[in-house]
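Worksheet: one structure, shown below.
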Amino acid sequence: QVQLVESGGGLVQAGGSLRLSCAASGRAFSSFAVAWFRQAPGKEREFVATINSDSSFTYYAASVKGRFTISRNNARNTVYLQMNSLKPEDTAVYYCAAGRAAVVYGTSYEYWGRGTQVTVSS
């Protein structure tokens, strides 16, 4: 069992930056791939970024590529999402999820956090 807790969300102006953290507890977190998803009001959940267990592979949604960076520190059981050049359309609740493979499909991830709100003002 893996428990995930997101933090670092908040209110920021367009063009600003935030760094989200996903802290994990439980066994063998370092063996899991981790992804970030987001859900805006009235919209479906969408994939943002993923990283595999040893950080050798990362993949981003086209909408965030070049602006967001996913990374992890297995010694600290934490995954990060550095978000730069934020836009109002990035406003959403951001969730981290852990699973066996670094893929874009939310159904492939077994464990989910409760989310952290990111609001970008124009």
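The values are calculated or read from the model by the stated rules, or taken from the named source; none is laboratory data. Keep in mind the model is a prediction, meaning the values are calculated, not measured. So basically every Cβ, Gly included, is an ideal-geometry build from the backbone, and we count neighbours across all protein chains shown. For accessibility, only protein heavy atoms count, side chains too; no ligands or nucleic acids. Shrake-Rupley method; radii C 1.70, N 1.55, O 1.52, S 1.80 Å.
Couple of notes before you dig in:
- Peptides 29-39, 80-90, 107-117 ordered by average Cβ neighbours within 10 Å, highest first: 29-39, 80-90, 107-117
- Protein heavy-atom surface of the chain, 1.4 angstrom probe: 47% of the accessible area is carbon and sulfur, with nucleic acids and ligands not counted.
- Put a dot 7 Å past the Cα of residue 28, heading toward its Cβ, do the same for residue 45, and the two dots end up 2.2 nm apart.
- Inter-label distance, nm, simple model (7 Å from Cα along the C-beta direction), residue 117/residue 52: 3.8
- Note that the chain presents 51 Å² accessible area per residue, ligands and nucleic acids not counted, probe 1.4 Å.
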